[in-house]
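Read the structure below first, then the notes.
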């Protein structure tokens, strides 16, 4: 496969995963904010924080729902907004059209057209939730088409590398930001609602049912964090994503360096002690993991995209947290 | 009023589907009966389904506007153009004859120039050709074929005669739209394909791959064929990706290729360099190789001409093939056919006045209000004067241009292009069309079944280019058995 094309499909998969995760996060957070009393210190702004972008000054100190939603969903000047990442995924698909199955292209193009035509109307909460659910469904459709029609060769491998790396990254971000608000001693006010908030964390990763199945007791912070980081079976758990990455890297030409970085991250996740849950420890762990992810990305880029020259500058989704 | 009731046909025009008395021509009978059975509302619903299909299938072309490039949905009209197979067989033979002769001409021009020595084509035609490439003199592409992919524009005048309007031998585009138009029609009007023998068109990509593969250096068993595109901002990018996908060839940009010290071409893959044997290039000569042509070009591949001349890579169309894609050379094609093949041309040329000839020039200048004036080397319908529709100021400007650079201008009588009923709102109106079949020459010759029909969507307009308000139609070649 051409190095340039490999890079494009890798980014396409990252952008698509980013779009799906953003939609899911906003849905879950909207539900959560509706459940909490107004004096509880969970803000719309925390969503911006999770997505790892800096808050635009014009949103002010305590940004409101409207401003944050516009920033995260419809703002075309913001490269990580839903509209922007879907557009970039579609551009990458457009330049890779010669190797994608026609159904995959049509599904991605369909997602782009849907988002372009409907994002602006998704202002009220009801409309917005409906819009975001449709985005999630369409992303799942795309993944389904890819799963059902792409041969397990290089194209598939680069798609999965992009998807799994982005997914692992998003899971750690959600754990990081939400845990900072939820850990003991942080907020007396929040205590009665702690169960609800952890439930929301699980839901923003579509993990509530799977967690319930796996952990048959009351929802507790340490259990949720352990599940989201260490579970070997749940598709959005960090350990699971890392295992998939390792599988994909095994056949990659010059993939040894990237494989080493993944190994290091897995080692870190496995040996992490999460009980009792400590804010500083968790935060440090996640910082380290995100650095590992950056290294994995750089190693893949070096081995496969660069071809002796410098990489064209890409909008880096992975900014240091 | 019924959807298919046409306004009275203007008497001067030839309609492809309807005879002058308003009754369908024989090959269009099924189609017109079917259309008559649809209500306006049903027809409109189908037309909307067509638009939706084009949007989700992502059939687009790119236009530049205000410094931005916009990806536009392909304008498509659902009423097809219909041609009887018997007529088409004759046209196809004429197109093969023409391309064969043109390739012999190009090969001759880059070697002995017998045709000039024998005074069939005057030397000054070549001396001033912008597309003659001295760097190609003496090169020997396989089978003596230089123009491997040719898009020939055909038009029918009011008397029913088909003429060749121009031969596009550089990087002709449009074939993907021909193929996609058929897909769209089958998706939206499946019942039309049930009761008549509409010949299929989707053979093209297989034929193109065979043609390209046949050009590979002889020693190679499994040649690697690539499509070279200038990139996503090119107006035909959709087509480049489409053809690469359909042939299973890599779609490459200049930056993906390099020429190594062995004078062979390689592409940069995730597993290291991989040898390339045939390049279907969709960029102009001038940008192919910065070492030889435009040194500023970032689209091309340094050293490519070296590799080509060494016979290590085939380039389609070959560099320099555009020498025959010149409207002055066009005027000589009937003579070129007679000279190399000793045959009479099967399809006629439009009568052409060469402004470089004094008598012709005098006639052209005196009759600017009746003629179409074209620059010799432009394509895409740019820079031409349609005399009867132009203002006096425009005509004066062209008179000046012609006097300044007579070699660069030709003139032809204004043809009344034939029409095809076209959906305008919820009714059918006649609109002017042309037809671009695609002709291939490698080891063998091949002509598409029909071609791309382009239609001027504006009432009365004769300009069919998609960059200037043109649309397209599916083209049916119908086998009517013994008729």
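So if the hydrodynamic radius of segment A:41-123 is defined as the Kirkwood radius over C-alpha pairs, what does Stokes-Einstein give as its diffusion coefficient at 37 °C and 0.692 mPa s, in µm² per second?
The estimated diffusion coefficient comes to 234 µm²/s.
Report the Stokes-Einstein translational diffusion coefficient (µm² s⁻¹, integer) for the protein assembly as shown, Rh taken as the Kirkwood radius over Cα pairs, at 10 °C with viscosity 1.306 mPa s. Taking Rh from Cα pairs, D becomes 53 µm²/s. The Cα atoms of segment B:368-483 define a convex hull whose projected area, averaged across directions, is 11.0 nm². So if we plug the beta-carbon distance of residue B:112 and residue B:362 into 1/(1 + (r/R0)^6) with R0 = 30 Å, what FRET efficiency do we get, rounded to 0.05? About 0.30, to the nearest 0.05.
With a Förster radius of 22 Å applied to the beta-carbon distance between residue A:137 and residue A:31, the computed FRET efficiency rounds to 0.80. For segment A:127-255, the convex hull spanned by the alpha carbon atoms encloses 128 Å³ per residue. Annotation: extensible slack from residue B:377 through residue B:135 equals 85.2 nm (criterion: 0.36 nm per residue apart, minus Cα-Cα distance). Ordering B:219, B:472, A:46 from the fewest to the most neighbouring beta carbons within 10 Å gives B:219, A:46, B:472. Calculated [222 nm] ellipticity per residue, helices only, for the protein assembly as shown: -14000 deg cm²/dmol; basis is -39500 (n - 2.57) per DSSP H run with n ≥ 4, divided by all residues, nearest 500. In this calculation the C-beta distance from residue A:213 to residue A:39 is compared with R0 = 41 Å, giving a FRET efficiency of 0.75.
In percent, rounded to a whole number, the relative contact order of chain B is 24, using alpha-carbon pairs under 8 Å and six or more apart. When only alpha carbons of segment B:173-283 are considered, Rg and Dmax amount to 17.1, 60 Å. Centre-to-centre separation between the Cα atoms of segment A:1-69 and those of segment B:263-306: 43 Å.
By the count of other C-beta atoms within 10 Å, a proxy for reagent exposure, B:116, B:265, B:220, B:201 are ordered fewest to most as B:220, B:116, B:201, B:265.
Across the alpha-carbon set of segment B:268-308, the Rg to Rh ratio works out to 1.01, Rh being the Kirkwood radius.
Expressed in Å, the radius of gyration and Dmax of the Cα atoms of chain B are 22.8, 72.
Please work out the Cα center distance from segment A:141-182 to segment B:131-178, rounded to the nearest Å. Rounded to whole Å, the Cα centres lie 48 Å apart. Size descriptors for segment B:351-413, from the alpha-carbon set: Rg then Dmax equal 10.2, 29 Å.
Shape class of segment A:188-285 from the Cα gyration tensor (axes a ≥ b ≥ c, square roots of the eigenvalues): prolate, since a/c reaches 1.5 or more and a/b is larger than b/c. The length gained on full extension between residue B:29 and residue B:444, counted as 0.36 nm times the residue separation minus their Cα-Cα distance, comes to 145.9 nm. Normalised by 2.2 N^0.38 Å, where N counts its residues, the alpha-carbon radius of gyration of segment B:96-248 equals 1.29.
Computed as a quarter of the hull surface, the mean projected area of the alpha carbon convex hull for segment A:3-305 stands at 15.2 nm². The modelled label-to-label distance between residue B:342 and residue B:143, using points 7 Å beyond Cα along the C-beta direction, is 2.4 nm. Extending 7 Å from the Cα toward the beta-carbon at both residue B:232 and residue B:46 defines two label points whose distance is 3.7 nm. Counting neighbouring beta carbons within 10 Å and listing from fewest to most, the residues A:294, B:424, A:241 come out as B:424, A:294, A:241. Highest GNM mean-square fluctuation among A:118, A:295, A:77, for chain A modelled with Cα contacts below 10 Å: A:77.
Since every read-out is calculated from the coordinates, none of them should be taken as a lab result. This is a predicted model, so every value here is computed, not measured. In this analysis, Cβ positions are derived from the backbone assuming ideal geometry, glycine residues included, and neighbour counts consider all displayed protein chains.
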